[in-house]
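The values are calculated or read from the model by the stated rules, or taken from the named source; none is laboratory data. Quantities reported herein were computed from a predicted structural model and do not represent experimental measurements. Here the Cβ is made from the backbone with ideal geometry for all residues, glycine too, and neighbour counts use every protein chain on show. Each accessible area value is taken on the protein alone, full model and side chains, heavy atoms only, with ligands, DNA and RNA left out. Shrake-Rupley method; radii C 1.70, N 1.55, O 1.52, S 1.80 Å.
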Amino acid sequence: MDSQNVLPNTKLGKTQFLNRHSELKKYQPDTAQATKDHLYDFLKRYRMVYVKPNNGTGGRGIFKVEYSSKGRYRYQINETIKKFETYDELYSTMSKRFGDTKHLVQRGIHLLTSKGRPFDIRIMVQKNLRGDWENTGIIGRVAHPDKIVTNYHRGGTPTEISKLLKEYLQKDQVSDYVAKLNRLGHEIAEYMETGYPKVTAIGVDIALDSELKPWILEVNTKPDASIFKKLDDKSIYRKIWKYKKANRMILRRGSAHKSPKSRPLTRV
């Protein structure tokens, strides 16, 4: 692949790119543009889906949409819940909230929970000082009791991943499982670079289902590192910030000299 190829740096664009990878595709929930027909089809197939702004960040504007066995529909966005008797009513109301913003629909994964609250996992992978990909952090995010998203800036609670997994795994299995997740994050980073060569950090959001299968909810190419400040091990955040700062300096030097040998980087 041409190293200068510029692919759509949107949720849907990155999902479509990951679907080109035969192995990573297995970890991706079914995803499509949220047209009226696609949303209807997804609801009939999966009963529960998420609808997200294609360019959204920080958990803003995400809908959880459900279709019941009684043929009724409902959605939740933030703390607002609305119910509908027909699909046309549901879509008409949602599309007014969409405005001109393109959205995607994604198969809903029923997240594991901690004390009744759903959680997912953020894996941070960065270019290190040698220019190689390195796993620098992994953390759980437990949703606010009244919200559908786990994002820290939407009331999610950062939590040590081992504390969350010990409810589902034996103590001696946790470290091996975390290593498996980190390997998945590293593989995603290496593949993403082939299509997005300017990216120097990714934050992979992972859902775990009842079988403990990991699902790639989203790959963030400008991940917010502030959540890692909440870990007891402060060296993790210090390393993340160190690499972030180093990559910014390389970018500035590259921009100043415009050397053809300089690796193009983006801000992270």
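At 20 °C and a viscosity of 1.002 mPa s, what translational diffusion coefficient does Stokes-Einstein give for segment 93-161, taking Rh as the Kirkwood radius over Cα pairs? Give it in µm²/s as a whole number.
In µm²/s, the coefficient is 147.
Using a Gaussian network for the chain with springs between C-alpha atoms less than 10 Å apart, which of these wobbles most: 187, 23, 218?
For the chain, modelled as a Gaussian network with Cα springs under 10 Å, the answer is 23.
Figure the gain on full extension for residue 7 and residue 60 (residue separation times 0.36 nm, minus the Cα-Cα span) and round it to one decimal in nm.
Contour length minus the Cα-Cα distance gives 16.8 nm.
On full extension of the chain, what length is gained from residue 97 through residue 168, given 0.36 nm per residue of separation minus the C-alpha to C-alpha distance?
Values: separation 71, 0.36 × 71 = 25.56 nm, distance 3.81 nm.
Between residue 97 and residue 168, full extension yields an extra 21.8 nm.
Mind scanning 115/242; 147/222; 26/127 and naming the pairs with a C-alpha gap bigger than 28 Å?
Violating the 28 Å Cα-Cα cut-off are 115/242.
Among [x] 41, 29, 16; [y] 32, 27, 14; [z] 32, 23, 16, find the value of semi-axes √(5λ) of the Cα gyration tensor in Å that was calculated from the structure presented, and write down its label.
After the calculation, the listed value that fits is [z].
Using only helices, what value at 222 nm comes out for the chain when you add -39,500 (n - 2.57) per DSSP H run of length 4 or more and divide by the total residues, to the nearest 500 deg cm²/dmol?
-10500 deg cm²/dmol
Can you tell me the accessible area per residue over segment 49-125, all protein chains present, probe 1.4 angstrom, in square angstrom?
Per residue, segment 49-125 has 51 Å² of solvent-accessible surface.
Return an integer: the convex hull volume of the alpha-carbon atoms of segment 59-210, in Å³ per residue. Don't skip to the end; give the middle numbers.
Working: hull volume 22.2 nm³, N = 152.
Convex hull of Cα atoms, per residue: 146 Å³.
For the chain, modelled as a Gaussian network with Cα springs under 10 Å, which listed residue fluctuates most, 116, 155, 61?
Comparing 116, 155, 61 in the GNM, the peak value goes to 116.
Please give, to one decimal in nm, the separation of the simple spin-label points placed at residue 115 and residue 234, each 7 Å out from Cα toward the Cβ.
Taking the two extended label points, one gets 2.5 nm.
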